[in-house]
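Notes for the one structure printed next.
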Amino acid sequence: MAGGVIVDTSGGKEYPGKVTAYVIFASIVAAFGGLIFGYDIGISGGVTSMDSFLLDFFPSVYQKAKLDTSTNQYCKFDSALLTLFTSSLYLAALVASVCASTVTRVAGRKWSMFGGGVVFLGGALLNGAATNVSMLIIGRILLGVGVGFANQSVPVYLSEMAPARLRGMLNILFQLMITIGIVIANLINYGTAKIAGGWGWRVSLGLAGVPAIMITVGSLFLPDTPNSLIERGHPHEAKEMLKRIRGTEDVGAEYEDLVAASEEAKQIKHPWRNILEKRNRPPLTMSICIPFFQQLTGINVIMFYAPVLFKTIGFGDDASLMSAVITGLVNVVATFVSIIMVDRAGRRFLFLQGGTQMLACQIIVGALIGSVFGTTGEGEMTKVKAVFIVIAICFYVAAFAWSWGPLGWLVPSEVFPLEIRSAGQSMNVSVNMLFTFFIGQLFLKMLCTMKFGLFFFFGGWVIIMTIFVYMFVPETKGVPIEEMVLVWKQHWFWSKYISDEDTHVGKKPKA
Ligand code: BGC
């Protein structure tokens, strides 16, 4: 039965060693990679609604927006050109993550982070100094390349550095940095929008250089992961690194498992062809479905459009920005819940609890908005209802922040075998970026057509993804990363894809 798919991980293998300050430090530095992604998510919406920015670069959009006198709250002015500009970053990231997979595998995880940081920095400078649309667009593409590289390499790096029993916690530092990036960007926009003289947008876009410098410089100090060192033919360094990050000389067992995984990996010449093999069907499914579902929670409707949304439900300009900041803070704080819980309660519990809470909130928000604006989009929002909507949105964001947000990056990064981990992670990034692009591009049109039903639409997806988790996502808490095949082997559904030879070097779980 599906509920019984949970593999007993409490008795899973444990290697000796402790959590060293060194591993925590390296994880925090690598997680800076999340800042650049978060900063961008949080900054674009505010900048593209600044009059001075529109007048400088998209004057026709500005004119049309001013002429828009519609009182239909569902159908706000929408410019395909402007949303395309914003979401072009996600297409660039999608393509870049595929290139990043080769760099991450061949040169090591840290060089992908370094490369991502440098390119992102170039993009930030170009955007901050832009005098024409081409500079803006080239800048955005560079930012996208940076995000593609960072999101591809950082989660893998974190999952490999961490000892199995704390892998969830350390990996979620990445999501924590994303949320911090978002909220800082929101606050910066709040300030720069008030700069007289109309150059506030330059500050907003240019300051993206700060997180870029943090990951670029930080990555230079990062050690390589033992897994990557072995994979690249440096067994001696790998063993020394393992001793250093685990804080013990007794790393023999873990080291041998890494070597065994790497022997497997050596047979593989074409990770992209290999990923399609039968035994890789389960992690491949995760790397496609999890990012797809993550975006179909509808979270980026809130992240990109919170100011528009709050304005729609009756808050003034300032108040709507402040409400966006509130959801931003809830996002950061709730991520800590995940950090604390993920290696205790496990991934499945967070997914299932978070999904249920998100669904309840979506029903409440849809019903309240529907009760005010009906299907015509005309109506007057009362203060009380507006406050309830904001509260429901906060509960929704909190649920995402301890479930699909962090787990959307954690689970795909921990389920692939070494030889295709890098390719698998770039699949995860590509699917994530593709659907982030679609949501960014289509949200305003969807709101105009589906009206309050849009919240039920995303709610429907949350039901589907929660059932998916219940049936098909095994518990991976505490399982050593190079032993993941044993989890599939014991799963009620996925076991049929794994033969005995696939459990590398014929190893069986130790009782
Ligand atoms: C998602 C982003 C989202 C962010 C919100 C991330 O995990 O990938 O699309 O904007 O969480 O915190």
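The values are calculated or read from the model by the stated rules, or taken from the named source; none is laboratory data. From a predicted model like this one, the values you see are computed outputs, not experimental measurements. With ideal geometry, Cβ positions are generated from the backbone for all residues, glycine too; neighbour counts draw on all protein chains shown. To get the accessible areas, we keep the full protein, side chains included, count just its heavy atoms, and leave off ligands, DNA and RNA. Shrake-Rupley method; radii C 1.70, N 1.55, O 1.52, S 1.80 Å.
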Exercise for the section: Would you please state the base-10 log of I(q)/I(0) at q = 0.13, 0.20, 0.22 1/Å for segment 342-435, with intensities from the Debye formula using one equal scatterer on every alpha carbon? Expected result: -0.62, -0.96, -1.04
Handout entry: Relative contact order of the chain, defined on C-alpha pairs under 8 angstrom at six or more residues apart (%)
Key = 27 percent
Practice task
Compute the long axis of helix 347-373 from its Cα atoms, compare it with the longest principal axis of the Cα atoms of the chain, and write down the angle in degrees, 0 to 90, nearest 10.
Solution key: 10 degrees
Practice task
Find the all-direction average of the projected area of the Cα convex hull for segment 384-511, expressing the result in square nanometres with one decimal place.
Solution key: 10.3 nm²
Handout entry: Placed amide H near GLU475: partners under 5 Å, 5+ positions off or other chain
Key = VAL7
Fill in the blank from the handout: The helix 80-106 Cα axis meets the longest alpha-carbon principal axis of the chain at an angle in degrees, between 0 and 90 and rounded to 10, of 10 degrees
Exercise for the section: Let me know the charge dipole size of the chain about its Cα centre in debye, to the nearest 20, where only the beta-carbon of Lys, Arg (+1) and Asp, Glu (-1) is charged. Expected result: 320 debye
Exercise for the section: Treating the angle as unsigned and between 0 and 90°, give the value, to the nearest 10°, between the Cα long axis of helix 299-312 and the longest Cα principal axis of the chain. Expected result: 20 degrees
Handout entry: segment 379-436 and segment 166-225: distance between their alpha carbon centers, rounded to Å
Key = 18 Å
Problem - Residue among ILE288, LEU126, ALA212 farthest towards the positive dipole end of the chain, charges placed on Cβ - result: ILE288
Practice task
Report ³J(HN,Hα) in whole Hz for each residue of segment 162-179, in order, from the Karplus equation J = 6.51 cos²θ - 1.76 cosθ + 1.60 where θ = phi - 60°; Gly and Pro get x.
Solution key: 6, x, 3, 6, 10, 4, x, 4, 5, 5, 6, 4, 4, 5, 4, 5, 4, 5
Completion exercise
The answer for the longest stretch of the chain without any exposed GluC sites (Glu not before Pro) (DSSP loop, at most 15 further Cβ atoms within 10 Å) is 15-248
Practice task
Hey, could you get me the Stokes-Einstein D for the chain, Kirkwood radius over alpha-carbon pairs, 20 °C and 1.002 mPa s, rounded to whole µm² s⁻¹?
Solution key: 92 µm²/s
Completion exercise
For CYS448 and PHE25, extending 7 Å from Cα along the Cα-Cβ vector and measuring point to point gives, in nm, a value of 5.5 nm
Handout entry: For segment 213-360, diffusion coefficient by Stokes-Einstein and Kirkwood Rh (Cα), 25 °C, 0.890 mPa s, µm²/s
Key = 122 µm²/s
Practice task
Would you mind giving the three semi-axes, in whole Å and largest first, of the ellipsoid equivalent to segment 21-161 according to its Cα gyration tensor?
Solution key: 35, 15, 13
Handout entry: segment 482-497 and segment 68-145: distance between their alpha carbon centers, rounded to Å
Key = 37 Å
Completion exercise
If N is the residue count of segment 66-140, its Cα Rg over 2.2 N^0.38 Å rounds to 1.54
Exercise for the section: Find the all-direction average of the projected area of the Cα convex hull for segment 108-178, expressing the result in square nanometres with one decimal place. Expected result: 4.8 nm²
Fill in the blank from the handout: Only helices counted: for the chain, with every DSSP H run of 4 or more residues adding -39500 (n - 2.57) and the sum spread over all residues, [θ] at 222 nm is -24000 deg cm²/dmol
Completion exercise
Measure of exposure for SER60: accessible area at 1.4 Å probe, Å² rounded to 10, is 70 Å²
Completion exercise
With the dipole of the chain defined by +1 on each Lys or Arg Cβ and -1 on each Asp or Glu Cβ, the option from VAL390, THR102, GLY146 whose Cα lies farthest towards the positive pole is VAL390
